[in-house]
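These notes concern the structure reproduced below.
The values are calculated or read from the model by the stated rules, or taken from the named source; none is laboratory data. Note that the coordinates shown come from a computational prediction; the quantities given were computed from them, not determined experimentally. Counting neighbours? That spans all protein chains shown, and the Cβs are built from the backbone with ideal geometry, glycine included.
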Amino acid sequence: MNNNKGIFIFLFFLLTAVTCIAQDKANGQRAGAVTDRRWQFHSIIQVGYLTGDAGSAFQIQTINGMQYKSWFGGIGVGIDDYRFRSIPLFFDFRKEFGFSKDFFFIYAGVGMNFMWITDKQKKDYNVNYYGATDFSNGLYYDAGIGYKAKLNNRIAIFVSPGFNHKSTEGKNPVTICPFYGPCYINGNTIKYELNRFSVNAGIIF
């Protein structure tokens, strides 16, 4: 995913978020209801920069869940373009520390990394003429700290550096024909453990 496409996706999510906030505010004004502020539904949209031994890339994620006081838990999904394009699907947990409109927080996530290899990546890792490398899904997790600043009672922005990991296995097919047959397919498997430093920035509403 190129940088321009990532920017367009982020702007689309941001426009959707603003529309939802406006609709929620209008509904609340019409209903005139009093809600329990201890429990709140939040959506998080963040873009991140990933860097590690295999180079650098961008990611975009959306996380949706419930917050109780200073604790948040939700489910996230995104697009990760580091070395091999993939879709992480994960549980996200956050804990805030603060007593004003600005907060420090810690976060951690764990889930699965679903491979979504590009045509170029398939070609680059087609190491022989027997067939393309088959990549399997693997583990995904991340953790870090962050700083959150409230713009109003509903919307906040944040930045969060941290550590990020995804794994996959690539199996290269090899056709073997001992003594001219019969032939069978074998192969070797390479395991990729991709550790990255990440810096995320985004909006919470």
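The residue that is modelled with the highest pLDDT, counting only those in segment 126-176 that are in contact with a Lys or Arg (Cβ under 8 Å, 6 or more places away or on another chain) and acidic (Asp, Glu), is GLU169. Among residues of segment 153-169 being surrounded by fewer than 19 Cβ atoms within 10 Å (Cβ to Cβ) and over 17 Å from ILE45 (Cβ atoms), the one that is nearest to the chain's Cα centre (by Cα) is HIS165.
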